[in-house]
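Any read-out appearing in this document is the output of simple, stated calculations on the displayed coordinates, not a laboratory observation. Note that this is a predicted model, so its numbers are computed, not measured. With ideal geometry, Cβ positions are generated from the backbone for all residues, glycine too; neighbour counts draw on all protein chains shown.
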Amino acid sequence: MSTMSRPLPPFMQLQHLIRVQLREALANLDLTPEQSTVLNLVAATPGISSAELARLLHVTPQTMHKIVTELGRRSLLEMHPRPGHGRILGAELTARGQTLKGQADVFAQAVEDRMVADLDAHQRRQLASLLQQCVTTIGGPSSG
């Protein structure tokens, strides 16, 4: 009997390929996909706390602390006390962090462009709509 396993479902294959491509592209900037995601979330919600970032990325507070500490060490983000919130610190991108985020966005867009290169404009809109529907469904009230 063959020990050959069944191939992965297409969405798992795609997830893996995107992760590999993104990791390789961002390595040129000495960034991980997780670090890039943190830069994007901080840019979108200045003042977000490390705990909030951990919840959004579904990682432990300890893991997020390591990511935020490393980004801070590299002068890509700074943590400042949030007014009226005692000891809670909020993250903000530095000018260097904004620049690197912009460069990372270009690399991420190139990965996305490669992924949809064989789709016409209608198919791209349809895919974007379907993916957004999946995000909304899986990220709804019953999610973690």
Answer check: the stretch 26-110, Cα atoms, Kirkwood Rh, Rg/Rh ratio of 0.96
Just to confirm a number: summing +1 for Lys and Arg and -1 for Asp and Glu over residues other than Met64 whose beta-carbon lies under 14 angstrom from that of Met64, what do you get? -1
Among the DSSP H helices of the chain, those whose Cα atoms extend at least 15 Å along the helix axis and whose mean Kyte-Doolittle hydropathy is 0.0 or higher are 10-27, 33-44
Most exposed first by the Cβ proxy, i.e. fewest other Cβ within 10 Å, how do Ile88, Ile67, Ile138 rank? Ile138, Ile88, Ile67
Would you mind checking which residues have amide H under 5 Å from Ser49's amide H? H placed 1.01 Å from N; only 5 or more apart, or other chain. Ala91
Note down the nm distance, to one decimal, between modelled labels 7 Å out along Cα→Cβ at Gln13 and at Ala117. 1.7
Scoring the chain by relative contact order with C-alpha pairs under 8 Å, at least six apart, yields a percentage of 22
Fewest first, what order do Ser36, Ser75 take by the number of other Cβ atoms within 10 Å? Ser75, Ser36
Ranked from fewest to most other Cβ atoms within 10 Å of their own Cβ, Met64, Met12, Met115 fall in the order Met12, Met115, Met64
Taking 0.36 nm per residue of separation between Thr69 and Thr32 and subtracting their Cα-Cα distance, the length gained on full extension comes to 11.9 nm
Can you tell me which of Leu22, Leu100, Leu127 moves the most in a GNM of the chain? Springs connect C-alpha atoms under 10 Å apart. Leu127
